[in-house]
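Please treat every number below as a calculation from the coordinates, not as lab data. Since this is a predicted model, take the numbers as computed values, not measurements. Cβ coordinates were reconstructed from backbone atoms using ideal geometry, including for glycine residues, and neighbour counts include every protein chain displayed.
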């Protein structure tokens, strides 16, 4: 079951049928919105409690997602002030792009092993 919730001008999509944990889906969505420029540097985002309430999930799930985002320097939590997008947005964009490129390379390698060369793959994509 896919749930979409509008939060901070962005849709957080949660797929409860996915094997990807909910906290990881939140991390991926926020990183994607930062990379797309929808969430801007130093912009305040919802508190753990607010996001959990809006998404109808346990606050510990959001807390785990925010911890991962903090460790990746995507967000910064300031005591008594709130949670904000990091000021290092360009680095976040580069990392996100590199992750997508690595995913594409991995898929292309799998297709190469099935007998398709890169030109055939690109032609099929077009």
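Descriptive notes on the structure:
- In this structure, residue 88 and residue 20 have a Cβ-Cβ separation that, at R0 = 25 Å, corresponds to a calculated FRET efficiency of about 0.50.
- Sites residue 105 and residue 13 - FRET efficiency at Förster radius 35 Å, r taken between beta-carbons, to 0.05: 0.90
- GNM top mover of 92, 38, 101 - the chain, alpha-carbon springs below 10 Å: 101
- Dividing the mean sequence gap of close Cα pairs (under 8 Å, 6+ apart) by how many residues the chain holds gives a relative contact order of 21 percent.
- The C-alpha atoms of segment 51-109 occupy a region whose extents along the principal axes are 45, 27, 16 Å, arranged from largest to smallest.
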